[in-house]
Amino acid sequence: MRTEQEMYDLILDFAQKDERVRVVTMNGSRANPNAPRDTFQDYDIVYVVTEMASYLADDAWLDNFGRRVIMQKPEGMELFPPDGKPRFSYLMLYEDGNRIDLSLMPLEELGNYLKEDSILKVLLDKDGRVPALPASSDSDYWIKRPTPGMFDDCCNEFWWLSTYVAKGLARDELPYAIAHLDYMRKQLMTMLSWQVGLEKGFTFSIGKQFKYLQQHVNTDVWQRLCATCNAGSPAACEEALVGMLALFSEVSKDVAKRFGYNYPDYDAKVSDYLIGLGINTH
């Protein structure tokens, strides 16, 4: 595997030699001073360019970065529509295990782009276009303190989704039930993140898709959360549902009490409904 320095040299050497590239920046975990370091981290690079058409006309220039295993071009996909921003991205995994997520962005978008993300490092600025910026920080991704409305919405969504899981089990539609169980788990992890914030402060990030959550909850909670991922049969899915209901109920009641928020009655009413469908919620 090429070293980090070799990758930076490769990325910047191309940019230095190409007159179309005026600014090079980096986002993502490699620009985040608080992110753990490992060999799986992507190089999230943006080339700010004078024009994009010549790059888009032929992918041959991408061969400068190595032999690829696979590549995605999100803005060029039909199944997954792009977000509409005037940019074009190349997500590239290389044979040596390195990965570059390289985005092209027109020069006129630079001002807007610099305001988008607190995790940002400028690697190259040929013309001095980039003003002084705060040090790269993950502050945009810190746990957000919920309002009463956000807390209620999380509870409402969680218990609403539970009825879909039960319906899927009653109809013997296991993939449908599992899909909604996964949606429920996201709400559970959101609630757990608020509990973590209450205990440790709302001044840090628990990572994309809650990937650092394990570091901040006790072993029992983590094991109970992971147990909800075992849903490969109707019986296992029901067991995972029941376990998730219990954990969410405990955590959400604690969060409500500590924030001084009203605890909604979704818990009791929906539990009764689920019991009527044959789900043993206790």
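The values are calculated or read from the model by the stated rules, or taken from the named source; none is laboratory data. Computed from a predicted model, the values in this text were never measured in an experiment. No Cβ is skipped: glycine too gets one built from the backbone with ideal geometry, and neighbour counts run over all protein chains shown.
Summary of computed values
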read-out	value
Top-ranked residue of segment 207-229 - restricted to ones that are among the charged types (D, E, K, R) and in a helix (DSSP H, G or I), ranked as modelled with the lowest pLDDT	K208
Subset of segment 214-268 (residues that are in contact (Cβ under 8 Å) with a residue 60 or more places away in the chain and of a type in the set (D, E, K, R))	E238, R258, D267
Segment 258-282: number of residues that are closer than 19 Å to V221 by Cα and surrounded by fewer than 13 Cβ atoms within 10 Å (Cβ to Cβ)	2
Qualifying positions in segment 79-102 - of a type in the set (D, E) and part of a loop (DSSP other than H, G, I, E, B)	D83, E95, D96
One residue from M7, M1, M26 being outside any loop (DSSP other than H, G, I, E, B), farther than 18 Å from G128 by Cα, among the hydrophobic types (A, V, I, L, M, F, W, C) and touching a residue at least 12 places away in the same chain (Cβ under 8 Å)	M7
From the options S118, S54, residue that is of a type in the set (G, A, S) and assigned to a loop (DSSP other than H, G, I, E, B)	S118
Residue match in segment 64-78 (condition: assigned to a loop (DSSP other than H, G, I, E, B) and closer than 24 Å to L110 by Cβ)	yes
Single unsatisfied condition, G232 versus (1) assigned to a helix (DSSP H, G or I); (2) surrounded by fewer than 17 Cβ atoms within 10 Å (Cβ to Cβ); (3) small (G, A, S)	(1)
Lone unmet requirement of (1) exposed (fewer than 15 other Cβ atoms within 10 Å of the Cβ); (2) without any contact (Cβ under 8 Å) to a residue 60 or more places away in the chain for T190	(1)
